[in-house]
Amino acid sequence: MLINEFLLLGAVLFCIGVYGVIARKNAVLVLMSIELILNSVNINLLAFDRLHAVDTAGGNDGSVFALYIIAVAAAEVGVGLAMVLLIFRNRKTISLDDLSEMKG
Amino acid sequence: MGWFLEHAWLIPATPGAAFAVIILFGKRMPRGGSEVGLASMLAALVLSAGTAYQWIARVNDSHEEVPAALSRWEWFRIGDLKVSIGSHIDGLAAVMLLLVAFISTLVQLYSMEYVRGDRRYTHFFAAITLFSAGMLTMVLAPNMVQLLLGWEIMGLCSFLLIGHWWEERANSEAALKAFWTVRVGDMGLLVGIAMLLAIFHTLEIGAINEAAAAGEFDNKNLLMWAAVALFIACIGKSGQFPLHTWLPDAMAGPTPVSSLLHSSTMVVAGVFLVARLYPVFHVGLDMNIAGQRFNLIAVIGGITVLIAAGLAFVQNDIKKVLAYSTVSQLGYMMMGLGVGAWTAAVFHIFTHAFFKCCLFLCAGSVSHTASHHSFDMKKDMGGLRKKMPVTFAAWMAATAALCGLPFVSGFFSKDEIIDSAKNNDYKVFYIVGIVGAFMTTAYMTRATYLTFFGKARGGAAHFVHDENARDSSWQITVPLVILGSLALVSGYLNAPIFKWHWFETWTESSIGLPLGEGIFAAPHPPEFSWVSTAPGLALVAAGFGVSLLLCRAVFGEGTSGLRGLTERNVVLRAGHKFLVNKYYLDALYERVVVRGIAHPISRAAYWTNQNILDGIVNAVGQGGRRTGDLVYKYIDQGLVDGAVNGSGTTASGAGGALQPVQSGKVNMYGALLFGAAAVGGLVLVLVNS
Amino acid sequence: MLFAADIEVAQTIGFGIIAAFMIAGALNVVLSKNVVHAALSLVMVMAGAAAQYLLLAAEFVAVTQVLVYIGAVMVLFLFGVMLTRAKLGKDTDLNNDKGWAFGLPISVLLLGVMGYVLLDGFKDTKISGSGEGRIGSAANVLLSDRIFSTYALPFWALSFVLLAAVIGAIVLARKD
């Protein structure tokens, strides 16, 4: 197999995720798009891990960091959804359009 | 190696476990968990006493250099770096263990009465137990990581304890101030540890000290900066100038906390760190080499001695007087270390703990029993000596020790520091030392006069005129008596005047440097002579006399021309105001640092945002609109309607497309972020290909 | 030139099928008009990713992916959808007006840049789907060794992040 197969798959998923982050209005869907981005990064990490599996004695760093990213993503979803829930409770909507108090 | 030396790790572990028990089950216990705290501290005291005893036996049995007693277990590994946890017992550690366990036990006994009925009684004991555990962990740390662990536990607990009555805003602010000020210094500790690791490739304190003392390092400059960074941590923790401002505010906590904080734990940690890593500082800062008059540690210590003693004069709050006195005495310790008087400085930690703890507990006793929980000497105290004989006696003993009257403990430690400064050619610090002694006596005379003599005022008046009023109960007076007696006699462990040098013998292996001449050697402590002590003693007597006369004149009965002088005389009033405002240091930090640096940055950012970014957006938008307008005005007439409409839409579209840049919408910021990343990547690709 | 033996036909075909499913799922996540469908498509993408990890001989990560993402994170998402009372059927109000006008050019540009860089940089560098290197339980032993020795500190830091996230989530979502 070529490493580029995996890397390009990662790139495609990343860009789809970016599209989602930009185009979606619903906060839950934006969080899902972020998950897509994180997953694409994980695919890249593991592909590189495999690339270096043969030649270096250390190796395995990619897997380690993929695991850490999975854990961080879980934390991020937990906090993110809690925030979405709080916003929903206070405003009865989770449309990101309505959250523009930061307008300059 | 004896059992106690091997199992020294139990000393911090016991209160640590007690903390867990108190916080989990304390509320259901008959005495709210305080019995667990006291029992654990007693156990720690017994263990430390055993450790100290076995260490002394070890020193006495051996005729050569005594190695430290180490027991270590691997804690974790990062790559090749192994970090251990365990205990490193030598003279310094044994002294400190005994001291901390002893003072903590007495303070806990005292607290059982003092904070009785408090709404967070259990939490108070949990925090104070963990606090002692933190200090004990730090004291016997075999490596810098464990030291940092204990250091930070103490920082956290001091925050909890100072803010114990957080319902009052001033208290929680004092807690935050203490926490953040110490944190500023802690950055230095982290940086210093990292630099030590870079220089010596190890974090073991023993190994670092040996390598530094033997000159086994590549880069002298780096070692100097490591010493400076570590010393910044000590400045923060030990309340040295210019980070001393948190210490007096820390009086917001309950009195037992103040006494624990200011005698044997927390503030001593900084001095302890310098003593612990003495070779690093000694070599890094070139101490005691020929011709050196100043070094960083001595200068900071010396400044602290004088400015803190000056501030102690104008305080009306008895605890604040004691707080500034602590700062000043810590300055003595730092100065002692800076001028090469290691033994004297460590001995001063030892004696100071007893008398300062005693003074704080006396202040607490007065406030608790006599003056309705007020600490204001001018309003609520005075004339208490007859009604509170035990408290008064303990206070006088501790005051005598603090002032360094001959043949009580402060005399043997403080004058040793002053003597060493003279002996090691630090003339300036010799003068600072004796002037400091003068000021110490003067402000303590003032505090004593206001509290125990003269006419009873405010809360104290009720107490003095009450027939049934008695001194405080036994939980309070027993610690006072013990500490007061120790304040008198503890100095005899190291009394050069009688050629008694036990303390020196037991601890000298901890210096980590050979004694004698040369760059990598610490100087011998000087011989005792009345000649070099006499000026200091004369000034102490002068301080007592001058202050007593002034006090009688200003605060005594009858009228005097001196009364209210600070209000009438311009020069004195200015000086008084300067001192009352703490040399305007708080104002400096608040106004200059925060307003002067942080605010302009945020204002500049705001201005950029408002004027430049908005300007660009608006300009582009308006430019587009104006183009549209122009197009509409001039070209419209002759052109097809469709084209006109199209250009109008383009114009407002351009404005509309750029306006969302400041929209406050998450999606747009995401689009900008990723768009910028894409463009940036494209530019990089184009540049590189 | 690439020969059949070099490119490991079976794995490549497997990769292609899974990748097609993943991309289709991902597109559905960002385009679907139904929030629940989007969430279920995300499950497909994540399961596909787990399968890709297996192809890359990272069994442990694959299992973790299934447990954490499909097991926990997706349940969270579905709860989020439920608690925020999203419409269960079609919902036309999920996208920004003109959202595609920004999203499409930016993501296509990003894809172009990344694709060019990857193709230019790695050309036909090969990785082995099987046989060589560390595979099987030995790989997992090595992995755990790395986590608990070399990368012990990030591991700790991570445990604090998770703790903070747990507390933060409780504080944020509490009713009072």
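The values are calculated or read from the model by the stated rules, or taken from the named source; none is laboratory data. Keep in mind it's a predicted model, so treat the numbers as computed, not measured. Don't worry about glycine lacking a Cβ; one is built from the backbone with ideal geometry, like all the others, and counts go over all protein chains shown.
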**Prompt:** Could we say that C:V75 is under 30 Å from B:L684 (Cα atoms), exposed (fewer than 15 other Cβ atoms within 10 Å of the Cβ), without any contact (Cβ under 8 Å) to a residue 12 or more places away in the chain and more than 7 Å from every other protein chain (Cβ to nearest Cβ) here?
**Reply:** no
**Prompt:** Any chance segment B:434-453 includes a residue that's touching a Pro at 6+ places or on another chain (Cβ under 9 Å) and crowded, with 16+ Cβ neighbours inside 10 Å?
**Reply:** yes
**Item:** Residues (among the charged types (D, E, K, R) and closer than 26 Å to B:V489 by Cα) located in segment B:338-386
**Value:** B:K356, B:R385, B:K386
**Item:** Matching entry among A:L31, A:L81 (being within 14 Å of chain B (Cβ to nearest Cβ) and in a helix (DSSP H, G or I))
**Value:** A:L31
**Asked** at the interface with chain C (Cβ under 8 Å from one of its Cβ atoms) and acidic (D, E) - does that describe any residue in segment A:50-59?
**Response** no
**Residue under evaluation B:I78, criteria (1) within 14 Å of chain C (Cβ to nearest Cβ); (2) among the aliphatic types (A, V, I, L, M); (3) in contact with a His (Cβ under 9 Å, 6 or more places away or on another chain), criterion not met** = (3)
**Prompt:** When segment B:183-213 is examined, which residues are found to be over 29 Å from B:L70 (Cβ atoms) and aliphatic (A, V, I, L, M)?
**Reply:** B:V184, B:M187
**Item:** Looking only at segment B:19-28, and only at residues there that are without any contact (Cβ under 8 Å) to a residue 60 or more places away in the chain and farther than 15 Å from B:R119 by Cα, the one that is nearest to the chain's Cα centre (by Cα)
**Value:** B:A20
**Request:** Within segment B:77-111, count every residue that is among the hydrophobic types (A, V, I, L, M, F, W, C), touching a Lys or Arg at 6+ places or on another chain (Cβ under 8 Å) and part of a strand (DSSP E or B).
**Result:** 2
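Residue-wise test of (1) under 11 Å from the mean Cα position of the chain (by Cα); (2) over 24 Å from C:V36 (Cα atoms).
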| residue | (1), (2) |
| --- | --- |
| A:M1 | no, yes |
| A:E5 | no, yes |
| A:Y19 | no, no |
| A:R24 | no, no |
| A:L36 | yes, no |
| A:F48 | no, yes |
| A:N60 | no, yes |
**Asked** Among the residues of segment C:96-112, is there at least one that is more than 7 Å from chain A (Cβ to nearest Cβ) and modelled with pLDDT under 80?
**Response** yes
**Item:** Residue ranges of helices (runs of 4 or more DSSP H) in segment B:369-437 with at least 2 members among the aliphatic types (A, V, I, L, M) and in the same structural domain as B:T477 (by TED's automatic domain parsing)
**Value:** B:389-403, B:409-423
**Request:** Give the residue that is surrounded by the fewest Cβ atoms within 10 Å (Cβ to Cβ), with candidates limited to residues of segment A:84-104 that are away from chain B (no Cβ under 14 Å) and in a helix (DSSP H, G or I).
**Result:** A:N90
**Asked** Hey, does segment B:209-227 have a residue that's surrounded by fewer than 20 Cβ atoms within 10 Å (Cβ to Cβ), small (G, A, S) and within 30 Å of B:D80 (Cα to Cα)?
**Response** yes
**Message:** Against the definition (modelled with pLDDT under 85 and either assigned to a helix (DSSP H, G or I) or out of contact with any helix residue (DSSP H, G or I) (no Cβ under 8 Å at 6 or more places or on another chain) (or both)), how does B:A194 come out, yes or no?
**Reply:** no
**Item:** Where a residue in segment A:1-26 is more than 7 Å from chain C (Cβ to nearest Cβ) and over 23 Å from B:V666 (Cα atoms) and its partner, wherever it lies, is of a type in the set (S, T, Y) and crowded, with 24+ Cβ neighbours inside 10 Å, with Cβ under 9 Å and at least six apart
**Value:** A:G10/A:S40
**Prompt:** Any residue at all in segment B:449-462 that is under 30 Å from the mean Cα position of the chain (by Cα), more than 19 Å from B:K319 (Cβ to Cβ) and polar (S, T, N, Q)?
**Reply:** no
**Message:** Can you go through B:A312, B:A345, B:A353 and tell me which one is in contact with a Gly (Cβ under 6 Å, 6 or more places away or on another chain) and buried (at least 24 other Cβ atoms within 10 Å of the Cβ)?
**Reply:** B:A345
**Request:** May I ask you to list pairs of residues, at least six apart or on different chains, whose Cβ atoms are under 7 Å apart, with the first in segment B:54-67 being assigned to a loop (DSSP other than H, G, I, E, B) and the second being modelled with pLDDT under 80?
**Result:** B:E65/B:S509; B:V66/B:S509
**Asked** Only one residue in B:D61, B:D80 is closer than 30 Å to B:A194 by Cβ and loosely packed, with under 15 Cβ neighbours inside 10 Å, so which one is that?
**Response** B:D80
**Request:** Select, from B:A141, B:A126, B:A174, the only residue that is out of contact with any His (no Cβ under 6 Å at 6 or more places or on another chain), at pLDDT 85 or above and assigned to a helix (DSSP H, G or I).
**Result:** B:A126
